[in-house]
Amino acid sequence: MTNNPQILIVDDELGPREALRMILRDNYQVAVAASGKEALDCFEKKEYDLIILDIRMPDFNGVDLLAKMKQKAPDTEVVMITAYASVETATKALRYGALDYLIKPFDRAAVQDVVEKGLMRRHNNRDIKSKLKELQLANKTLEEEVEFAYKNIQNHYSETVSSLVAAVDAKDAYTKGHQERIAKLAQLIGQKVGCSAEEVELIKQAAILHDLGKIGVPEAILMKRDKLSEAEFKIIKKHPVIGAEILSPVKFLKEVVPLVLYHHERFDGTGYPEGLKGLQIPLSARVICIADAVDAMLSNRPYSQAKTADEVKKELRKCSESHFDPRLVDAILKNNLIDIYVLLVKDS
Ligand SMILES: [Fe+2]
């Protein structure tokens, strides 16, 4: 319990006021007020642990005064004084936050008991509040530490991704920068087909890593200028699986794995590695597939010359529903994404 608890007795009648003071003065710091106004003045000047408040005074309704005091200092305990016990009075006082009520004339033991109870409750409430404050502070520190750790992980992730992309670029000079470019286009397409911000972010990450598996394909095949043999093409076709296998153990790239694995699936089911068809292929993988193809068509490759934007549009129309999801083809053409992409790549 607090040391020297401060108690304010508010009653316009001298008799009950003094009676209470006599009961409490030996154990507490007791102040008295003979009117509602005087009580408010005292209350403004200092904080009391407990107030014993007459419910009927000439200048103030005790319940109104109680409400005012509770509003200003919710932790101050208030005990009401009433001349007679009535359910109505008690309910009203308790509803406004009074701890209890005392009936005139006072019973010494009842007064001491209710005051002890009030002071104990105030002490406990203060204790809980101070512990809550400590917890909130500790929680804030923890949140800051988690945020710092998360940013660290993000930075490590970015560095890891950059290293992996650089490794693919170093191996396949013809596709250098291809990953970053298709990430841009895949992002534009994802936004136009209603993907959420999180999905678009995932598409970007997967687009950057989609050809990671080429690390496992011999350079002689990747760099070959002539048409690939069936056996060589079989090896190239392994790269989505190799990429997915490299990324699978990395926990924070879990959601990227299926997009890397299925970026060569075709809408009509003739793609690889699993021959998934239509909506069996995740939307984000279909987005990466079409962005990948558009960038490839617009680039000079060992085995083919770059196509013009119009030729690419024609090719998309031709391969809609066979190679590509028709909804994505429509979104690209309707929103002029090929022309926008050509300008973006030119400026980068
Ligand atoms: Fe690929």
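Each reported figure results from applying straightforward, stated rules to the coordinates on display, with no laboratory input. Keep in mind the model is a prediction, meaning the values are calculated, not measured. Cβ: placed from backbone, ideal geometry, glycine included. Neighbour counts: every protein chain shown.
Can you flag which of LYS140/LYS251; LYS151/LYS254; LYS151/LYS171; LYS171/LYS192; LYS72/LYS92; LYS224/LYS307 are past 24 Å Cα-Cα?
Values: LYS140/LYS251 27 Å; LYS151/LYS254 19 Å; LYS151/LYS171 30 Å; LYS171/LYS192 33 Å; LYS72/LYS92 19 Å; LYS224/LYS307 20 Å.
Correct reply: LYS140/LYS251; LYS151/LYS171; LYS171/LYS192.
Per residue and in Å³, how big is the convex hull formed by the alpha-carbon atoms of segment 150-274?
118
222 nm [θ] for the chain, helices only, -39500 (n - 2.57) per DSSP H run of 4+, per residue, to 500?
On the way: 15 runs with 205 residues, N = 348.
Roughly -19000 deg cm²/dmol at 222 nm, from the helical runs in the chain.
Would you work out which of MET120, LEU283, THR270 lies farthest towards the positive end of the dipole of the chain? Charges go on Cβ: Lys and Arg +1, Asp and Glu -1.
Value computed over the given set: THR270.
With everything on Cα atoms, drop me the angle between helix 36-45 and the longest principal axis of the chain, reported from 0 to 90° to the nearest 10.
50
Per residue, what volume in Å³ does the Cα convex hull of segment 172-347 take up?
Numbers: hull volume 19.8 nm³, N = 176.
Per residue, the Cα convex hull of segment 172-347 comes to 113 Å³.
Neighbouring Cβ atoms within 10 Å as the yardstick, rank ASP169, ASP54, ASP41 fewest first. Don't jump to the answer; show the numbers that get you there.
Numbers: ASP169 17, ASP54 26, ASP41 11.
So the residues, fewest neighbours to most, are ASP41, ASP169, ASP54.
Given charges of +1 on the Cβ of Lys and Arg and -1 on the Cβ of Asp and Glu, with all other atoms neutral, how large is the dipole of the chain about its Cα centre, in debye to the nearest 20?
Numbers: 50 positive and 53 negative charges, 203 e Å.
The calculation lands at about 980 debye.
Can you work out the PRE-style zone for LYS129? Point 7 Å along Cα to Cβ, and I want the residues of segment 58-85 with backbone N under 18 Å.
66-79
Is the shape of segment 285-348 rounded, prolate or oblate, going by the alpha carbon gyration tensor and its root eigenvalues a ≥ b ≥ c, with a/c under 1.5 for rounded and a/b larger than b/c for prolate?
Values: a/c = 1.67, a/b = 1.26, b/c = 1.33.
Verdict is oblate for segment 285-348.
Could you give me the ³J(HN,Hα) list for segment 258-275, computed from phi with Karplus coefficients 6.51, -1.76, 1.60 and θ = phi - 60°, whole Hz, x at Gly and Pro?
Calculated HN-Hα couplings, in order: x, 5, 5, 5, 9, 6, 10, 6, 10, 4, 8, x, 9, x, 9, x, 10, x Hz.
How big is the shadow of the Cα convex hull of segment 37-104, averaged over all directions, in nm²? Present the calculation step by step, with values, prior to reporting the outcome.
Working: hull surface 16.6 nm².
Reported value for the Cα convex hull: 4.2 nm².
Specify the residue with the greatest mean-square fluctuation among VAL30, VAL312, VAL146, computed from a Gaussian network of the chain linking alpha-carbon atoms under 10 Å apart.
Looking only at VAL30, VAL312, VAL146, the biggest GNM fluctuation is shown by VAL30.
Mind putting together the pair-distance distribution for segment 6-134? All Cα pairs, 10 Å bins, whole percent per bin, short to long.
Percent of pairs per bin, in order: 13, 49, 32, 6, 0.
Rounded to two decimals, what is the ratio between the C-alpha radius of gyration of segment 81-204 and 2.2 N^0.38 Å? Kindly include the intermediate steps, with their values, before the conclusion.
On the way: Rg = 33.2 Å, N = 124, 2.2 N^0.38 = 13.7 Å.
Relative to the rule-of-thumb radius for its length, segment 81-204 sits at 2.42.
At 37 °C and 0.692 mPa s, what whole-number value in µm²/s does Stokes-Einstein give for the translational diffusion of the chain, with Rh from the Kirkwood sum over Cα pairs?
Diffusion coefficient, whole number: 124 µm²/s.
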